Every structure is written in C-alpha cells, then in structure tokens.
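Scroll down for the structure; my scribbles are underneath it.
The values are calculated or read from the model by the stated rules, or taken from the named source; none is laboratory data. Remember, predicted model here, so these are calculated numbers, not experimental data. Here the Cβ positions follow ideal geometry from the backbone for every residue, glycine too, while neighbour counts run over all protein chains shown.
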C-alpha cells in the first residue's frame, strides 16, 4: 500500500518537474520562465520528496527527507524572488502584450 | 518498483537536459542562473531517488548538503550584479 | 540496471555541459555552466559509489567556487559575441591527443569489473582488515586519515601553501586610499530586502551546524575534515556576502583566520610527533590511547579537526583576499 | 552487465580533450581556469570509475552489504578536489593581479602592451 502511494507521488512529482522543465525550455521571456521554473519546480520537488517520505522506512531517513523538503520549500521561492528583483532592477521588463509569445527572448 | 524508479530517474535526466539547454543559450544572465537553480533542485531529487532505488538512503546527506548550500551561487551572483550594475540584456 | 541507466544519462549531461563550455565566451555564463558541470559530476560520483568524493565535490562546487569566480570576473570582460567555436588548430591538436589516449583506454578494465587489478591487493586489505585495525566503519576516512595519513598531511600543507600564496598576491591595501563609507555598509539591496535577510540569516547557523555534523560524523558516514571545512567556510562567508567583508572581519579578524590556517597544520603535525614520542612511527596513532582502536579513534579525530580548521580558515582567508582585491 | 564497458573512460577522454582545447584556444584567463577544472575533473572521473565494482556499494562498512567499491581512488580524489579548488584560487588571484597590472585579462590585449611595468600600479 505504501509502495503504491509512494510510487504514485513520485511519478506525479516527476511529471510536474518535467512540465516545469518544458516551461523553462519553451516560454518566451524571462519572467514566464521564472514562473514555470520556480513555482512548478517547488511543487514537483515537494511531491517527489513526499513520495520518498512515504517510502522511507526509518525515522532518521524520514527526518532527512523532510529537512530537504523544508529547505527547498523556503530557499527555492526566495531565490526566485531575488532573481526577479535583480532582473527588474537591471531594467528588464515583461514583453509588451502585443508582441506575443513568438518574439522569443528578451530585448 | 524498479520500473517506477527507472521512469523517475529517466524523466529527471530529461528535465535536467532541458535546464542545461536553457543555461547554454541564455539569452540573459538571469535565465542562466535560473537554469542553474532548477538543475540543482533536479539533482537533489535525482540523488535522493537514486539512493532510495539502490537501498542506501542513509547517504542522503549529499542531497541535504545541496539543498543547504544551493543559495550560495545565487547570492554570489546577486551580489556581483549589485556591485556591477549594467544595463539588462546579458 | 538503474545504475547503468543513471551512469550513461549523467555522462551525456556532462558531455553536453562540457561542449557548451567550450563554445561559451562570456565569463559569467562560464562560471554558471561550470557550476552545473560540478553538480552533474557530483551526481555521477554518487552513482559510482564514491559518496565521500561526491560530498567534497558538492561542498566545493556549490559552496565556494562560485564565490571565488564572481569576485574576479568583471562586466567589462563580457565579449561582444557570446558563442564561438574553437580554432581548427586547437581542435586538431586536441583530436590528436584524444586518439592517442583512446588507444590507451583499450587496455582498461571494463566498468564494474570485480577482477580489475585495482581491486586486488591493497583494496582487499583495506576493506577486510581496517575495521579491526582502525575501528571505524567509513573505510575512506580510515585510509585517508590513518593508512595514508602522511599523504593527507601533504595535501593539507598544499592547501595551506595555496592560502599563503593568495595572501602574498593580494594588493597592499594600506597604501591605497580606502573608501570607508562605501565599503563599510550592509549591501543595501541584500539587507534592505526582508525576504533575503530573514531567510539567509537563519541559514547561517544551519549551515554551520551541518558542517560540524559532517566533521564529527565523518567516521561513520560520508564526510570528514575536508568537506566540513568547506561547508563551515561557506557558512561564514554567507554573512560576508549578506553584509560586507569589513563587517565579517569585525567578528572574525583576518589575523585569527591566518592563525587558524597555520594552527590546523600544526595540530596535524603535532599528532604525528606525539606518536613518535610515545614510541611508534610518525603519524601512527595506535599508541595514543589505551588500546589500538582507541588510539586510532583519538588520532583520527584530532587530525580531522586539524584538517577542518585549515580548510575552513583557508576558505575564509581566500574570501578576504579576493574582497580586498576587488575594491 | 558489460554494456557501459569502456564508455566512462571514453567520456572522460572527451572531457579531457575539451579541457585541453579550452586551455589552448581561449584567450580569456578566467576561461582557461575553467578549462583546467574540466581537464582535472576528467582525471577524477577515470579514477572513480576504476574504483567502481558492479553491484557494489559505497565503502562504508555495514552488516547488510557484501560488495564494496574500492576506497583507495576515493581517498586520492577527495583530497585532489580540495587541493584543486585551492590551486584554482591561486590562479584566480594571479588573474586579479594581472588585471591590476594590465587593466585586462585578455591575453591578446596583454600582448599588445608588453611595456607596462607591473610594479607601477598599486
């Protein structure tokens, strides 16, 4: 039972991570990519780690997994925030709505 | 169970490749640092899942270390950008 | 099966990053790509059962190299063209070397071969007898600290020498006009940002705690003085990055850091000399305690402390030197 | 279990050649140091691959494990990594010093102005 639940969580999480990766690869400008990479990635990592928490047999390992999860949960959004601020301060702006996603890249 | 682990590891590798691609082509420096960050979190997952798959989860310390010091690169970069303000676009 | 798939996949990732590095010219992108390279390499070390090595690579690659590189590169180095292929001469020469080496690899043992010569004499002894002789489960630590203690002493001296060399190369700041107002304030963007301040200031004790865990748990799991030194150094440097090197120097002055570098090597050497005085060979810890394993335990603990002290102080000293060169 | 065979060594070989090409070809001193790091890591990879035993586990003694990989290459490479970062730091310090003396870290630009005396600039 725990194995099935753990596997499901692992697969769901890794699919989410993959979706985030595709977003990072495909989206047209930095802020879109930031959105996909940080938010979706944190969710996916959380799901995978939750799956491993279910699968972990002992308390020590469960604690380590929970620790990794907590660190990712706090540090990943913080990094995204810092990056977004730094990008805004350096004068980067979101593409104009009219230019559409096909322009690709930042100018 | 082994099939599940194989699928998970394979998908993580593909996601890692996408991150590397983004880090390689940019186009701005922020894209690259973002790609480094997501690659790190994917490696944390990869190491953890691999250790679980091979039955040695006691070495999770390595993944924990990455989760702990992942911020240093971003912090050093933000520090660098603050010291050397340049106009955007790489 | 899992092992082979992970191995091949990571080798592909490594190759991709290496080729990207060959074609990239911007220093900033290079530093970031080499960060990715280091992470992929570390993961590969985990796949190849080298957890201690992976630990070291993780600590070094994520904790310290980026700080050093970012202290040296400048925006004016950014080239006009971001990508360029290497010249055909270099590629030809590289290919020549590659073909010669390829001929050399054909005699190598296959991946994971149990009968490979490397696994026969010394390795069997280390794996079979180190637990009776040294008494700690991590064979890597017992080989590093006890069987090959002399070699490790040499490595520590090399790190110390590198730290001294960087100290010599740093600019003589006493003559130059210092800009106290500019350098003595908290980095405004970083500390004015409550999110970064709240999270990262709380990270520092966690990182230092983890470093101490790695230092003292190194006998039983992956870890040891080298890794712990780098992690502790990274934790201390984080405060410098968040505020400024000047503020960090008020807490840990550069004199103490330099002293710590030397003290670590001294502790290591003195443990060896203590063995001499108690009637054994240099760096033979068996005589340090009532029983052989107790002596080995004590000796390994002490020399790992020395290694950790030297490495962490060298890292902080490197940070100070590069900060000084920057202004 | 003979599939990866010599693949690890071949990848290490390509990495080594990549590092060599970077060191020979690039004129930027920071890129040369990154290339040195790649060259070095190829050597690490060869050593660690030599220590791997199939179905082995990390050389940390445990009652439930019977096959361990070879600890000796791990010891050699572990110290080499830390020494590697220390030597990279020395290289970077030299680069910073060259920048103070010549105002650039590009070899071509340095060659154009050989007459600058390094001692003049503080």
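Of the helices (runs of 4 or more DSSP H) lying entirely inside segment C:245-327, those containing at least 3 residues that are under 22 Å from the mean Cα position of the chain (by Cα) are C:254-277, C:292-326. With the condition kept exactly as written, say whether any residue in segment C:106-118 is within 30 Å of residue C:272 (Cα to Cα) and not assigned by TED's automatic domain parsing to the domain that holds residue C:24. Yes: segment C:106-118 contains one or more residues that are within 30 Å of residue C:272 (Cα to Cα) and not assigned by TED's automatic domain parsing to the domain that holds residue C:24.
For (1) surrounded by 24 or more Cβ atoms within 10 Å (Cβ to Cβ); (2) at the interface with another protein chain (Cβ under 7 Å from one of its Cβ atoms); (3) in contact with a strand residue (DSSP E or B) (Cβ under 6 Å, 6 or more places away or on another chain), each residue gets a yes or a no:
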site	(1), (2), (3)
C:7	no, yes, no
C:16	no, yes, no
C:61	yes, no, no
C:99	no, no, no
C:109	no, no, no
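Just wondering, is there one or more residues in segment C:30-49 that are assigned by TED's automatic domain parsing to the domain that holds residue C:87, buried (at least 24 other Cβ atoms within 10 Å of the Cβ) and in a loop (DSSP other than H, G, I, E, B)? Looking for residues that are assigned by TED's automatic domain parsing to the domain that holds residue C:87, buried (at least 24 other Cβ atoms within 10 Å of the Cβ) and in a loop (DSSP other than H, G, I, E, B), one finds at least one in segment C:30-49, hence yes.
Counting the residues of segment B:1-24 that are over 30 Å from residue A:2 (Cα atoms) and surrounded by 17 or more Cβ atoms within 10 Å (Cβ to Cβ) gives 7. Among the residues making up segment D:27-71, those that are without any contact (Cβ under 8 Å) to a residue 12 or more places away in the chain and crowded, with 22+ Cβ neighbours inside 10 Å are D:31, D:58, D:60.
Filtering B:73, B:38 for residues that are within 15 Å of the chain's Cα centre (by Cα), in a helix (DSSP H, G or I), more than 7 Å from chain A (Cβ to nearest Cβ) and closer than 28 Å to residue C:49 by Cα leaves a single hit, B:73. The condition (being in the same structural domain as residue C:154 (by TED's automatic domain parsing), over 16 Å from residue C:310 (Cα atoms) and surrounded by 18 or more Cβ atoms within 10 Å (Cβ to Cβ)) is satisfied by just one residue among C:232, C:242: C:242. For segment C:271-288, the set of residues classified as without any contact (Cβ under 8 Å) to a residue 12 or more places away in the chain and exposed (fewer than 15 other Cβ atoms within 10 Å of the Cβ) consists of C:273, C:276, C:277, C:278, C:279, C:281, listed by residue number. Put simply, of C:162, C:123 the only residue that is buried (at least 20 other Cβ atoms within 10 Å of the Cβ), in a helix (DSSP H, G or I) and at pLDDT below 90 is C:123. Filtering C:86, C:79 for residues that are under 17 Å from residue D:30 (Cβ atoms) and facing another protein chain (nearest Cβ under 7 Å) leaves a single hit, C:86.
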